[in-house]
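Participant: Below is the structure I would like to discuss, written out as structure tokens.
The values are calculated or read from the model by the stated rules, or taken from the named source; none is laboratory data. The model shown is predicted, which means the values in this text are computed figures rather than measured ones. Cβ placement follows ideal geometry from the backbone for every residue including glycine, while neighbour counts extend to all protein chains displayed. Note: accessible area is taken over every heavy atom of the protein model, side chains too, but ligands, DNA and RNA are not part of it. Shrake-Rupley method; radii C 1.70, N 1.55, O 1.52, S 1.80 Å.
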Amino acid sequence: MVARLIDEDPEQSYAYARIALRLASRVAAVREAAGFAAYATQKYSEALAEFRAAKRMTGSVELWPVMADCERGLGRPERALAMAGEPEVQKLDKAGQVEMRLVAAGARRDMGQLDAAIVTLQSPELASATVHPWTARLRYAYADALLANGREDEAREWFAKTIESDKDGSTDASDRLAELDGVEFVDAMDDDDDDDDRAALSDEDRRVQDSDDKGVVEYYDEDDDEYEPSDARQDDEDDAYESAEAREVDDDDDEDELIARAEADADVADEILVEDEELDRAAEDKGRDNA
């Protein structure tokens, strides 16, 4: 359920992850899922704690890039950059190493080092003719970095290469390229449909539509057998504004409740993490005593 909801409803996914964590906090897969749910909701400190716990339980380094990205999310790009130079990176598979390269380039950009970010992304994987699942993301990051550095012609070229490798449409490279070329998309079908609908209206209905477009709604008065302008639109706008204000108050209350719940859950996660570390140390001491 956590994985199913993480893209469409990350907050709900996070709620399920917290429940799973309370029930099975010693299961590495649960800690990892809880980490990704927290990561999706930008709770980077909590995500990092869960990823560290999962890494300690499994001994695997596959979470190293996302752990480094959590450091970026916490405003510590220098730590993310330091992690990119650690021995763990050499243990990653090719996809993991590319992901680590993307994180390192992002950290460089966070630090205002655009030239270094571009150099970081330059690699055999970037220029390879073979398309991999990560190829589009790598090329897109490179094109975006070039554009941020004022190298528009090169950025256009790499956005085009991104489109070639982005078979699933996972990036908005086509929109970025069109924007660079000054192309504006107009839905001609909508205009044609509007013209057809208008042609089908009676003269009186067309009068009502025209006045409505001008901000005045005309209502039919049965006694006078004619249309009369009304200030009903202004009344409707006032009602809508009051409703929006009420919704903002409700949203603020909901946000306060979510923050309070998240803080409480974070405290629980910290307690669990401390308990796990104590158990690990106890197990290590016992192993030394038996030896």
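Yes/no per residue for (1) surrounded by fewer than 19 Cβ atoms within 10 Å (Cβ to Cβ); (2) within 24 Å of residue 142 (Cβ to Cβ):
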residue	(1), (2)
12	yes, no
70	no, yes
92	yes, yes
112	yes, yes
115	yes, yes
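Participant: With the checklist (1) open to solvent by 30 Å² or more (accessible area, probe 1.4 Å); (2) part of a helix (DSSP H, G or I) in hand, flag the one item residue 107 doesn't pass.
Facilitator: Failing condition for residue 107: (1).
Participant: Which members of segment 105-142 meet the condition of being without any contact (Cβ under 8 Å) to a residue 12 or more places away in the chain and within 18 Å of residue 84 (Cα to Cα)?
Facilitator: 112, 113, 116, 119, 124 - these are the residues of segment 105-142 that are without any contact (Cβ under 8 Å) to a residue 12 or more places away in the chain and within 18 Å of residue 84 (Cα to Cα).
Participant: Scan segment 62-79 for residues that are more than 22 Å from residue 90 (Cβ to Cβ) and either touching a residue at least 40 places away in the same chain (Cβ under 8 Å) or part of a helix (DSSP H, G or I) (or both) and jot them down.
Facilitator: 73, the sole residue that qualifies.
Participant: Residue check, residue 52 against (1) in contact with a Lys or Arg (Cβ under 7 Å, 6 or more places away or on another chain); (2) closer than 20 Å to residue 99 by Cβ; (3) assigned to a helix (DSSP H, G or I), all met but one. Which one?
Facilitator: Condition (1) is where residue 52 drops out.
Participant: Right, something else. Name the residues in segment 80-90 that are open to solvent by less than 70 Å² (accessible area, probe 1.4 Å) and not in a loop (DSSP other than H, G, I, E, B), would you?
Facilitator: Pass one, segment 80-90, residues open to solvent by less than 70 Å² (accessible area, probe 1.4 Å): 80-85, 88-89.
Result: 80, 81, 82, 83, 88, 89.
Conditions (1) crowded, with 18+ Cβ neighbours inside 10 Å; (2) out of contact with any strand residue (DSSP E or B) (no Cβ under 6 Å at 6 or more places or on another chain); (3) in contact (Cβ under 8 Å) with a residue 40 or more places away in the chain, marked per residue:
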residue: 24; (1), (2), (3): no, yes, no
residue: 28; (1), (2), (3): no, yes, no
residue: 36; (1), (2), (3): yes, yes, no
residue: 47; (1), (2), (3): yes, yes, no
residue: 56; (1), (2), (3): no, yes, yes
residue: 60; (1), (2), (3): no, yes, no
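Participant: Also, I was wondering about something else. Restricting to segment 125-166, what's the tally of residues that are buried (at least 22 other Cβ atoms within 10 Å of the Cβ) and charged (D, E, K, R)?
Facilitator: Matching residues across segment 125-166 total 1.
Participant: Out of 76, 72, 108, 56, which single residue is touching a Leu at 6+ places or on another chain (Cβ under 8 Å) and either at pLDDT 90 or above or within 28 Å of residue 150 (Cα to Cα) (or both)?
Facilitator: 108
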